[in-house]
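Okay, structure first, notes after.
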Amino acid sequence: MSTPKPRVRVPAQAKKGELIEVKTLISHEMETGMRKDSAGKTIPRQIINKFAAAFNGKMVFEADWHTSISANPYQAFFYKAQETGEFSFVWKDDNGSEYKATAKLAVS
Amino acid sequence: MNMQTLIRNGSRRDVLAIGGLAALVAVLAPRMALADEKAVQAEINKLYGNKKLGEGRIKLDVPQIAENGLVVPINVEIESPMSADDYVKSVHVFADGNPLPNVVSYRFTPECGKAAAATRMRLAQTQNIVCVAEMSNGALFSTKAEVKVTIGGCGG
């Protein structure tokens, strides 16, 4: 599997108090651990089990994903714009890897 | 009417109908170990014990019919002012016909401004989606919706 590539869509600017939608997507197999390969051997589970979003270092939204989440997981949520700053996103893999992305937001 | 009296007294057509029904039940029986309503209830009890679940406040948006069980959109929205002292703390989503009942758990903060989140899930078969929301004051709400799945998300 190639390195998962996160993609994030956040508006570049917003008015103070405006509700914005944050959309994220990451390429990942989300292997459930229930499938068998052609030799009949169980393919071990490997999913992204956690997604977290923070703004200027403060936690905004978190999701615990289980095996029922589709491959190439999508996650959307909302944020009420207050101040100019930066989102930081992290996806945590079963294998211990962390995939990261950031997005700037200018608030007027 | 039990089976024996049926065979004794019933017409041949009745017996065939019962046999057909039994065959249909056998076909519909799941082929792998799947969660059920009890498994979902057990997960909810693990989180919240026997606390009462209220109705309303949750808008659970899932398709009535999903053609492809591998990618089923799910959008949840909970009515809340999302202020510092009155907000939605967490939301848990369960599926009662998947190999494992847990789908996703969200944690919200007042900074979200709106308690809503969307993702995509796999569904192995036609089943109920159960959603439980916990408010900042500890109040619990729950709702469920059925999704009919045409092609299952587990290679089925």
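B:N68 to B:L140: FRET efficiency via 1/(1 + (r/R0)^6), r the Cβ-Cβ distance, R0 41 Å, to the nearest 0.05? Walk me through the intermediate numbers first.
Numbers: r = 32 Å, r/R0 = 0.79.
Here the calculated transfer efficiency is 0.80.
How much accessible surface area, in Å² rounded to 10, belongs to the heavy atoms of A:S38 with a 1.4 Å probe?
130
Can you sort A:M59, B:M135 by 1.4 Å-probe accessible area, starting with the largest?
Working: A:M59 65, B:M135 5 Å².
Final ranking, largest accessible area leading: A:M59, B:M135.
What's the buried accessible area, both sides, between A and B using a 1.4 Å probe, rounded to 100 Å²? Could the numbers behind the result be given before it?
On the way: alone 6800 and 9940 Å², together 14460 Å².
What A and B bury together is about 2300 Å².
If I take all pairs of Cα atoms in region B:45-115, what percentage of them are more than 17 Å from each other?
On the way: 1363 of 2485 pairs.
Counting pairs separated by more than 17 Å, the tail of P(r) holds 55 percent.
Kindly provide the Kirkwood hydrodynamic radius of the protein assembly as shown in Å, to one decimal, from all pairs of distinct alpha carbon atoms.
Values: mean 1/r = 0.0489 Å⁻¹.
So the Kirkwood estimate lands at 20.4 Å.
Leaving out ligands and nucleic acids, note down the accessible area per residue over chain A with a 1.4 angstrom probe, in whole Å².
Values: 5680 Å² over 108 residues.
Using a 1.4 Å probe on heavy atoms only, each residue of chain A averages 53 Å².
What three numbers, in Å, describe the spread of the alpha carbons of region B:92-156 along their principal axes, ordered from the longest?
41, 20, 17
I'm checking a number: the convex hull volume of the Cα atoms of chain A, normalised per residue, in Å³. What is it? Before the final figure, lay out the partial values.
On the way: hull volume 9.3 nm³, N = 108.
Value for chain A: 86 Å³ per residue.
Roll a 1.4 Å probe over the protein heavy atoms and report the accessible area of A:H66 in Å², nearest 10.
50
So, R0 is 30 Å and r is the distance between the beta-carbons of A:T102 and A:L19; what FRET efficiency does that work out to, to 0.05?
Numbers: r = 21 Å, r/R0 = 0.69.
Computed FRET efficiency for A:T102 and A:L19: 0.90.
How many partner chain Cβ atoms sit within 10 Å of a residue's Cβ in peptide B:97-106, on average, as a whole number?
Partner-chain Cβ atoms within 10 Å, mean over residues of B:97-106: 5.
The values are calculated or read from the model by the stated rules, or taken from the named source; none is laboratory data. It should be emphasised that the depicted structure is a prediction, and the values quoted were computed from it without experimental measurement. Counting neighbours? That spans all protein chains shown, and the Cβs are built from the backbone with ideal geometry, glycine included. Just so you know, the surface numbers come from the protein's heavy atoms only, side chains and all, with ligands and any DNA or RNA stripped out. Shrake-Rupley method; radii C 1.70, N 1.55, O 1.52, S 1.80 Å.
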